[in-house]
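Okay, so here's the structure we're looking at.
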Amino acid sequence: VRLVTVFLFALLPLSLNGQDPFAWLYGLQGQRYYSDSLQTNTNGGECPDECDCPPTFPIAMYCDGRGLTVMPTVPSHVKYLYLQNNGITAVPDSALNNATSLVWLMMHNNQLTSEAIGKKAFLKLEGLERFYLQHNNLTSIPPNLPRSLRDLRINHNRIEKVTPVDLEGMDNLTILYLHDNAVTDMSSSLQSLKSLTLLDISSNKLTKVPKELPEQLHQLYLDSNSIDSLPEDFLGHLTQLQYIRMAHNQLTDKGIPPNTFNVTGLVELDLSFNKLERIPLVSTTLQHLYLQANQIKEFTLGSFCSVVDVTSFSKLQTLRMDGNEISREDIPSEASLCLRQASSIEV
């Protein structure tokens, strides 16, 4: 029963609140099982002294927070390997030669550098789906990553450039966290990511929107860059996109083509902390709009409703316009019809 419960929880989807729903599994503080000697699982293969391999979950190997500086030996049966919160500095080519069954590999919060990762280090991990490398000292995406990856988190490093070769062939990748790096150029590296639904490249040094965004994107986070304009037909082919965050950029009215955000399907749009002087035209189906801390001088109701009457109205529930150059007195009386579903309007 316990094993069934473990795998049921493992199937839970990623939450949208920033918390990792799988933390319970690679944490397991206070629930570890220790033995006096080398631990042997039912499929054979010894667990290193410095790690734990619980008899109740023998395909997992917990080596997190042990003060490790080098890679441990990994038995071939291990599918879930937890190496986070250590001081590991290198992954030699041969380090994971025996670990061909790996499905999850957690290496976040270590001291890895790009120069110390072998070009063939991850080449044999043909079934790897989840790879966490955030909070290291990487200056580039490691070479020859498994094409089987579904979730790649490489945020909070020092990566400056992403090339097409880095992500080539990753048809299964659905989640890519690249935020809090120093990326200035992504060229056409995203073109091959046919299954990508979440892309977070916030807090980088981008001056323009990356080219050829994947058509299956559901969430796009570009906040805290230096983007001052958007390309024509920015969202034309992104019919699945529901969440866009572009706060803390350099966007101006001139840099946003007409009708850019007047697309159905969009649920949330965050353009706060930019340099807008007018409210951009948005779809009546948009539910949450954040425009605070811009330079908006007029409350244009036409940005939300082309026609204001009993049957035509906006679906907006949240509208934030505080920190602009308007007050509540600037909101026209017809707004009560157009924005009838808005539970909060802040000016």
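Descriptive notes on the structure:
- Magnitude of the charge dipole, the chain, Cβ model with Lys/Arg +1 and Asp/Glu -1, debye to 20: 460
- Label point distance in nm, K208-T184, each placed 7 Å from Cα along Cα→Cβ: 1.5
- Mean-square fluctuations from a GNM of the chain, with a 10 angstrom spring cutoff on Cα atoms, peak among D151, D309, D171 at D309.
- A cut-off under 10 angstrom between Cβ atoms defines the neighbours of Q191, and their net charge, with Lys, Arg +1 and Asp, Glu -1, is 0.
- Rh by Kirkwood over Cα pairs, then Stokes-Einstein D for the chain at 1.567 mPa s and 4 °C, µm²/s: 58
- Mean separation of Cα pairs under 8 Å and 6 or more residues apart, divided by the residue count, gives the range 53-158 a relative contact order of 21 percent.
- Rough spin-label spacing in nm, given labels placed 7 Å along Cα→Cβ, for S344 and T239: 3.3
- Additional length obtainable on full extension of the chain from I326 to K120, 0.36 nm per residue less Cα span: 68.3 nm
- Sorted largest first, extent of the range 158-200 alpha carbons per principal axis (Å): 25, 18, 11
- Taking packing as the residue-averaged number of other Cβ atoms within 10 angstrom, the listed peptides 319-331, 267-279 run from highest to lowest as 267-279, 319-331.
- Percent carbon-and-sulfur accessible area, the range 53-158, ignoring ligands, DNA and RNA, probe 1.4 Å: 48
- Cα gyration tensor shape of the range 95-136, rounded if a/c is under 1.5, else prolate or oblate by comparing a/b with b/c: oblate
- In order along the range 262-272, the Karplus-derived 3J(HN,Hα) couplings, from 6.51 cos²θ - 1.76 cosθ + 1.60 at θ = phi - 60°, round to 8, 10, 6, x, 5, 9, 9, 9, 10, 10, 5 Hz, and Gly and Pro are given as x.
- Note that the range 201-215 has calculated 3J(HN,Hα) couplings of 10, 6, 6, 10, 10, 6, 10, 8, 5, x, 6, 6, 5, x, 5 Hz, one per residue in order, obtained from phi through the Karplus relation 6.51 cos²θ - 1.76 cosθ + 1.60 (θ = phi - 60°); glycine and proline are x.
- In this label model, D228 and T139 are separated by 2.9 nm, measuring between points 7 Å along each Cα→Cβ vector.
- Over the range 231-337, Cα pairs under 8 Å with separation of 6+ residues give a relative contact order of 22 percent.
- J(HN,Hα) series, the range 134-143, from Karplus relation 6.51 cos²θ - 1.76 cosθ + 1.60, nearest Hz, glycine and proline x: 5, 6, 10, 10, 7, 10, 7, 6, x, x
- Counting all C-alpha pairs of the range 125-284, share separated by more than 19 Å (%): 53
- For the residue pairs K119/K194; K124/K208; K119/K208, the alpha carbons lie more than 27 Å apart in K124/K208; K119/K208.
- With all pairs of different C-alpha atoms in the average, the Kirkwood value for the hydrodynamic radius of the range 53-158 is 13.5 Å.
- The chain, relative contact order [Cα under 8 Å, separation at least 6], %: 7
- Computed extension gain for Q250 through Q295, at 0.36 nm per residue and net of the alpha carbon distance, reaches 15.0 nm.
The values are calculated or read from the model by the stated rules, or taken from the named source; none is laboratory data. What you see is a predicted model; the values in this text were computed from it and never measured. Cβ: placed from backbone, ideal geometry, glycine included. Neighbour counts: every protein chain shown. Protein only, heavy atoms only, side chains kept; ligands, DNA and RNA dropped before computing areas. Shrake-Rupley method; radii C 1.70, N 1.55, O 1.52, S 1.80 Å.
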